[in-house]
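Some notes on the structure that comes next.
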Amino acid sequence: MSTAIKPETLIGQLNWRYATKQFDPKRKISAQDWATLEEALRLSPSSGGLQPWKFIVITDAAVRAKLTPASYGQAQINDASHLVVFAAKNNFSEADVDAHIKHVAEVQGTPIEALAPLRGMLVGGIVQRQDEAARLAWARNQAYIALGNLLTSAALLGIDACPMEGFDRAQYDEILGLKAKGLAATVIATVGYRLPTDKYAAAPKVRFPKEQVFITV
C-alpha cells in the first residue's frame, strides 16, 4: 500500500507556507504535533549519515527574552510557539566518525569490521582532508539540510515556520553555552501559527519561472 501523499497536496502546502513574520503568541503547537516535527528533524538526511548537529528547542520565555537582543529584536523569537536553534558540531573528529560507525553496526546488525571501508572513506574525506574551519563549514551545511526538512514537514502539518539568519551567532553561543558543548549556532527557525493580520501571508509568492531555475543536461 502506497503511503505517498498526492502531488497537489505537496504543492498546495508549499504554496501555503511562507516565512511567517507575525506569530499568534496565544496558539501553541500540540505535544503530538511537536513530537512529529522532532521525529522529522531526527530523520533528516546528512552527508554520510553523520548528523553533525544538535537541535536546541527553546520554549522557556526567560531564555527567549535573553536571545531577543541577539536576534535584533525580531518579534518571532518571543511570539512563536517554539524556537529551534540548529547548532553544528565544532571540530568534527575521528571520534565522531567512530561513534557513528558503532551506531550503524548496532542498528543494522553489521559486524563493525565490515564497516572499515565506510569508516576510511568518512575519515579521509571529511576529517583528514579538511581543516577545522572547513569541517565547521561542512557541519553548518548539514544543519541547513535539516532546516529545509523542518520547513517542509511543518507545512505539511499546517504549521507555520520562519527560517532566520538574522541573529548574532556569537551571542547565541554565549547565552546558550554552546561553545562548552562543542557546538556553534548556525541558523534558527521559529515555529507556530500565523496571525491573520500578517500581511505577508496573503502576498503572492515570488519565485523565478521554471525556465530560469532549471538546467537540463
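The values are calculated or read from the model by the stated rules, or taken from the named source; none is laboratory data. Every value quoted in this text rests on a predicted model; they were computed, and no experiment measured them. Note that we place each Cβ from the backbone using ideal geometry, even for glycine, and neighbour counts take in every protein chain shown. Remember, those area values only see protein heavy atoms, side chains included, never the ligands or the DNA or RNA. Shrake-Rupley method; radii C 1.70, N 1.55, O 1.52, S 1.80 Å.
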In whole Hz, what ³J(HN,Hα) sequence does region 125-139 give by Karplus (6.51, -1.76, 1.60; θ = phi - 60°), x for Gly and Pro?
x, 10, 7, 7, 7, 10, 7, 4, 5, 5, 5, 5, 4, 4, 5
Sorted by accessible area (1.4 Å probe), largest first, how do D173, D131 line up?
D131, D173
Where only protein heavy atoms count, and the probe is 1.4 Å, what is the accessible area per residue for region 62-152 in Å²?
48 Å²
For the chain, set up a GNM with springs between Cα atoms under 10 Å and report which of N141, N78, N15 has the largest fluctuation.
N15
Amide H to amide H under 5 Å from N90: which residues, 5+ apart in sequence or cross-chain, H placed 1.01 Å off N in plane?
L183, A184
Any lysines with Cα under 29 Å of the K210 Cα? List them, leaving off those in the same chain fewer than 8 positions away.
K6, K21, K199
Taking a probe of 1.4 angstrom, what is the accessible area of I11 in Å², to the nearest 10?
100 Å²
Using Cα pairs closer than 8 Å and at least 6 residues apart in sequence, work out the relative contact order for the chain, in percent.
34 percent
Just to check I understand the Karplus step: with θ = phi - 60° and J = 6.51 cos²θ - 1.76 cosθ + 1.60, what whole-Hz values come out for region 105-112, glycine and proline as x?
4, 5, 6, 8, x, 9, x, 4
Distance in nm between A203 and A95 label points, each 7 Å along Cα→Cβ, equals 4.6 nm
Evaluate the relative contact order of region 138-217 (contact order divided by residue number), counting alpha-carbon pairs under 8 angstrom at least 6 apart; express in whole percent.
28 percent
Extended-chain gain in nm, criterion 0.36 nm per residue less alpha-carbon gap, Q128 and A170
12.4 nm
How large is ³J(HN,Hα) for each residue in region 168-177, as worked out from phi by the Karplus curve 6.51 cos²θ - 1.76 cosθ + 1.60 (θ = phi - 60°), to whole Hz, x for Gly and Pro?
8, 4, 4, 5, 4, 4, 5, 4, 8, x
Could you let me know the centre-to-centre spacing of region 196-217 and region 7-63, using Cα atoms, in angstrom?
21 Å
One finds, for A75 and N141 with R0 = 25 angstrom and r their Cβ-Cβ distance, a FRET efficiency to the nearest 0.05 of 0.30
222 nm mean residue ellipticity, helices alone, for the chain (DSSP H n ≥ 4; -39,500 (n - 2.57); rounded to 500)
-12500 deg cm²/dmol
Rounded to the nearest 0.05, what FRET efficiency do V63 and V217 give with R0 = 41 Å and r taken as the Cβ-Cβ distance? Could you check?
0.30
Of (i) 0.94; (ii) 1.05; (iii) 1.01, the label for Rg/Rh (Cα atoms, Kirkwood Rh) derived from the coordinates:
(iii)
Would you pull out the residues with amide H under 5 Å of D24's amide H, same chain only if 5 or more places away, H placed 1.01 Å from N?
Y193, R194, L195
Fully extended, how many nm does the chain gain between H103 and I11 (0.36 nm per residue separation, minus their Cα-Cα distance)?
29.5 nm
